[in-house]
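The values are calculated or read from the model by the stated rules, or taken from the named source; none is laboratory data. Remember, predicted model here, so these are calculated numbers, not experimental data. All Cβ positions, glycine included, derive from the backbone under ideal geometry; neighbour counts span all protein chains shown.
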């Protein structure tokens, strides 16, 4: 009986050691890489660089990108890219101002989610447009050692309370 208990205890120890993740993840470095993708996302819009924009997104066919306009729902980066290409062709200048950016990560360093407010200043056809406080949230995953956006949602908040509560 004593041997059976010892074997059981040793088996449990071996199981837990074998199943534990001894990989140390540098979350500070991973977070910096995520921020670099978000900076590239901003830079891509300002430079109207479709290739840089596309590099920020996952190639997976099950991503979700939701813009502020009613018809801006894309479930792959190719259709989003086609739409964005048309938009870039009509814009003379884009300037973005990012504020209140927050990035959170899981402990394994494989997923991150973010929030930021973005002010958009756009010149198109000789006219200037300003859209302030666009809330942008999303999820990134580490895929093949690179961070990629797998979900993005932009919205414009209602000023004040839409419904009293």
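When you scan region 55-165 for strands (runs of 3 or more DSSP E) that lie fully inside it, which ones turn up with 2 or more residues that are surrounded by 14 or more Cβ atoms within 10 Å (Cβ to Cβ), out of contact with any helix residue (DSSP H, G or I) (no Cβ under 8 Å at 6 or more places or on another chain) and without any contact (Cβ under 8 Å) to a residue 40 or more places away in the chain? Output list reads 111-124, 127-143.
Just one of the listed residues (21, 76, 60, 49) is over 22 Å from residue 155 (Cβ atoms), under 19 Å from the mean Cα position of the chain (by Cα) and at pLDDT below 95, namely 60.
The residues on offer are 51, 40, and the sole one that is without any contact (Cβ under 8 Å) to a residue 60 or more places away in the chain, over 21 Å from residue 127 (Cβ atoms) and surrounded by 14 or more Cβ atoms within 10 Å (Cβ to Cβ) is 40. Assessment of region 31-44 against the conditions (modelled with pLDDT of 90 or more, over 19 Å from residue 137 (Cβ atoms) and outside any helix (DSSP H, G or I)) yields no matching residue.
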